[in-house]
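Please treat every number below as a calculation from the coordinates, not as lab data. All values reported here derive from a predicted model rather than from experimental measurement. Glycine also receives a Cβ, built like all others from the backbone with ideal geometry; neighbour counts cover every protein chain displayed.
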Amino acid sequence: MRLLEDSVMLRAWVTTLSGVAAVAVALGGLGAPVQPALVLWFVLVCPGSAVVGLLRPPSPLFAVTLSIAISCALAVVVAQVMLLAGVWSPLAGLIGLAELTVVAAATEVAVERRARRRALDVGQG
């Protein structure tokens, strides 16, 4: 059980810090090669990874594939919402994806802690 909790915390930290770093380098205008690589990593992997943690896929390969697919889908949804609202901004889209990622990662951590607490209560009672 401890290994699962550690992997949840690691995924939450990696996705959250990647989002913060991507937004920071975009705001700072760091430029090539760091900014494109970091933003691409974040947009293609991190939002989906945070969501996939909530789904508990059966295999690691399936989790990686699903993570990339969900990340792409979330990026498209965020872009479509901004276009429909008439407020297109790549930076705002990146910030929106970072916010979604942080919320999904925090939700996964909260769910895991609650499940662990329940398991401990059942084990004691």
What helices in the chain pass both tests, a Cα length along the helix axis of 18 Å or more and a mean Kyte hydropathy of 1.0 or higher, using whole DSSP H runs? 2-28, 34-55, 60-85
Taking every pair of alpha-carbon atoms in segment 17-125, give the share separated by more than 23 Å as a whole percent. 38
How far apart, in nanometres, would the label points at Leu30 and Ala115 be if each is projected 7 angstrom from Cα along the Cα-to-Cβ direction? 3.3
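In nm, what is the difference between 0.36 nm times the number of residues separating Leu44 and Ser89 and their Cα-Cα distance?
14.4 nm
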Quick one: dipole size for the chain, taken about the Cα centre, charges +1 on Lys/Arg Cβ and -1 on Asp/Glu Cβ, in debye to the nearest 20. 300
